[in-house]
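Below: the structure, in structure tokens.
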């Protein structure tokens, strides 16, 4: 059993290879309920994540799936005989305000905390009413911290937590849906200090773990954009076998328009190199770039050769958070345009 827990395709992934449930959401909901009911550590951290841990006793809680009310509710958390929280689980399907309103109209659910647990980013719109939107990504991080912590877990708790983490990773639930502008600013500052020591009077400075986490988050976000682009037939047709995700940290000089100034950049980017030139396009990419003034932008770009950028479009900058849904939409729109 311990070997299964450490395997990349953990117990749950192997278990669900058969016809267990037709939809990813149903499978994830069932696994969550099973883990909740079998592991006290999983139960406590899930209740804390939902924001109901102070109101109920974990030892008296159980989870049930597919509850028939005014609709078919994904997950209900019972505190004794009372429903303390309800969870609508969304993996790839959209979040429909009307569906949530129907659940809210049920008198038996009136006092229950209402959570929409989603994979992708949804704005906190008034249309969702009393429903709070949480992300699987954040629960993944909480569970990951539990496993890494020095606190000793029982064998069953550790086994369940590790396999649930494995399942979330296989389902790409660990991909960030949003990176705050403050986190990106901190990463950009660190990159700038490394690239321009003569400007920043580089010396020893604290490389906080948050900076590395942000860098990893950005790489995962880029990978999600690349994976989404695979489903676009036009882009996939042009990329062909050269379609691979290869993130890189690079720095270079860029000649200014007036030919008298060179702009220096450092960036974390990834690039698809086409086997054949498509129009003027030899490849497309996306990356986080920090200039010699310390300003950062996320850019989609295309090259006419392996090194020469002929077109770039700003996707995001330091004025806003980086949102995966928005970035993906903008990047793919430009890539499609450049490969048309």
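The values are calculated or read from the model by the stated rules, or taken from the named source; none is laboratory data. None of the values given here were measured: they were computed from a predicted structure. All Cβ positions, even for glycine, are placed from backbone atoms using ideal geometry, and neighbour counts span all protein chains on display.
Just a few scattered comments:
- Residue tally, condition free of Cβ contacts under 8 Å to residues at least 60 places away in the same chain, exposed (fewer than 14 other Cβ atoms within 10 Å of the Cβ) and within 20 Å of residue 183 (Cα to Cα), over the range 296-340: 1
- Positions within the range 27-60 being farther than 16 Å from residue 111 by Cα and not in a helix (DSSP H, G or I), in sequence order: 39, 57
Here is a yes/no grid of residues against (1) closer than 20 Å to residue 298 by Cα; (2) modelled with pLDDT of 65 or more:
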| position | (1), (2) |
| --- | --- |
| 201 | no, no |
| 238 | no, yes |
| 247 | yes, yes |
| 255 | yes, no |
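- Scanning the range 92-114 for residues that are in a helix (DSSP H, G or I) and either touching a residue at least 40 places away in the same chain (Cβ under 8 Å) or farther than 26 Å from residue 325 by Cβ (or both) yields 107, 108, 109.
- If you go through the range 52-79 and keep only what is over 24 Å from residue 98 (Cα atoms) and either exposed (fewer than 15 other Cβ atoms within 10 Å of the Cβ) or not assigned by TED's automatic domain parsing to the domain that holds residue 113 (or both), you end up with 54, 55, 57, 59, 60, 62.
- Selection from the range 127-137 of residues that are at pLDDT 65 or above and part of a helix (DSSP H, G or I): 128, 136, 137
- Some residue of the range 62-72 being closer than 24 Å to residue 138 by Cα and modelled with pLDDT under 80: yes
- Qualifying residue in the range 178-188 (condition: assigned to a helix (DSSP H, G or I), assigned by TED's automatic domain parsing to the domain that holds residue 55, on the phi < 0 side of the Ramachandran plot and surrounded by 19 or more Cβ atoms within 10 Å (Cβ to Cβ)): no
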